[in-house]
Amino acid sequence: MAKKKPSIRAILSDWGKVVVDFDNGKVGRALAQHSSAFEAEQFTEIMFKEQRELFDAYMRGQLTTPGFRKAMKRALQLVCRDETFDRAFADVFTPNEPIIALWKRFRAMGVMMVAGSNVEELRHAKLKDMGIHDLFDMHCLSYQVGIGKPDPSFFYEAQGSLIHVVPSEILFVDDHAEFVDVARDVGMTGFVYDLKDHAAFERFLKGYHIAPYR
């Protein structure tokens with residue numbers, strides 16, 4: 001007798017490097033002409049490493065968009081319009097069509113689709129424009145809930161509204177193994193996604209019964 005497959009009734013999906021690819025290097029390439037102090041390749045180092053605390057505070061909603069913009073323009077010695085900075089910071093995404101098609105199919109089947117992403121206000125607005133936001137029924141976004149992955153509280157927050165499933169029926173998909181480990185620790189099923197190997201995810205899914213949320 002064939003063993004019954006475990007069920008997946010809800011999917012908690014990261015955005016970056018899962019639903020969309022992104023290239024932070026594009027920020028520097030777009031803004032370098034507006035700073036005489038740094039070369040394009042230095043922008044990524046400054047914004048996402050040297051100023052990591054600032055970036056993380058913005059990602060967790062502890063800093064407003066105007067506050068983040070002002071601080072980064074000062075750090076990068078930028079002379080440009082606010083709109084120029086905003087556009088360069090947000091325009092970094094490329095859709096991952098295989099996952100988008102899969103998420104649309106699962107949603108049509110009645111699976112509850114939840115976005116679970118460390119994301120900032122400016123980039124969320126860009127993802128809305130791209131239609132990524134609307135692929136999901138619910139959203140647990142770091143800048144809105146004030147918590148970022150891998151804090152276990154982030155996963156409990158996402159799990160809190162999914163009252164019709166047990167945690168193991170929630171599949172968390174993310175490109176960071178350490179984030180997936182925390183999701184598993186709180187009882188979820190997890191998969192570490194690789195943009196270069198979507199087929200591995202399809203093989204993984206064959207071990208589960210994909211079922212409606214209710």
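The values are calculated or read from the model by the stated rules, or taken from the named source; none is laboratory data. In this text, all values refer to a predicted model and were calculated from it rather than measured experimentally. Cβ sites come from the backbone with ideal geometry, for glycine too, and all protein chains shown count toward neighbours. Each accessible area value is taken on the protein alone, full model and side chains, heavy atoms only, with ligands, DNA and RNA left out. Shrake-Rupley method; radii C 1.70, N 1.55, O 1.52, S 1.80 Å.
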Tally, over region 136-164, of residues that are hydroxyl-bearing (Ser, Thr, Tyr), farther than 18 Å from VAL20 by Cα and under 13 Å from the mean Cα position of the chain (by Cα):
1
Within region 149-160, can one find any residue that is surrounded by fewer than 20 Cβ atoms within 10 Å (Cβ to Cβ), closer than 13 Å to LEU12 by Cβ and of a type in the set (A, V, I, L, M, F, W, C)?
no
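Test GLU121 against the criterion of being touching a Ser or Thr at 6+ places or on another chain (Cβ under 6 Å), within 24 Å of ALA30 (Cβ to Cβ), modelled with pLDDT of 95 or more and open to solvent by 50 Å² or more (accessible area, probe 1.4 Å), and give yes or no.
Numbers: touching a Ser or Thr at 6+ places or on another chain (Cβ under 6 Å): yes; within 24 Å of ALA30 (Cβ to Cβ): yes; modelled with pLDDT of 95 or more: yes; open to solvent by 50 Å² or more (accessible area, probe 1.4 Å): yes.
Here the answer is yes, as GLU121 does meet what is asked.
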Residues being surrounded by fewer than 21 Cβ atoms within 10 Å (Cβ to Cβ) and in contact (Cβ under 8 Å) with a residue 60 or more places away in the chain: count how many of those fall in region 124-146.
5
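Kindly indicate whether any position in region 39-48 is open to solvent by less than 60 Å² (accessible area, probe 1.4 Å), free of Cβ contacts under 8 Å to residues at least 24 places away in the same chain and farther than 30 Å from PHE172 by Cα.
Residues of region 39-48 that are open to solvent by less than 60 Å² (accessible area, probe 1.4 Å), as a first pass: 40, 43-44, 46-48.
From the residues that got through so far, the ones that are free of Cβ contacts under 8 Å to residues at least 24 places away in the same chain too are 40, 44.
Applying the additional criterion that residues be farther than 30 Å from PHE172 by Cα yields 40.
Checked against the condition, which is being open to solvent by less than 60 Å² (accessible area, probe 1.4 Å), free of Cβ contacts under 8 Å to residues at least 24 places away in the same chain and farther than 30 Å from PHE172 by Cα, region 39-48 yields at least one hit.
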Residue, nearest to HIS176 (Cα to Cα), within region 103-112, restricted to residues that are touching a Phe, Trp or Tyr at 6+ places or on another chain (Cβ under 9 Å) and surrounded by 19 or more Cβ atoms within 10 Å (Cβ to Cβ)
TRP103
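Only helices (runs of 4 or more DSSP H) wholly contained in region 30-93 count here; list those with 1 or more residues that are in contact with a Cys (Cβ under 6 Å, 6 or more places away or on another chain) and within 21 Å of GLN144 (Cα to Cα).
Qualifying helices (runs of 4 or more DSSP H): none found.
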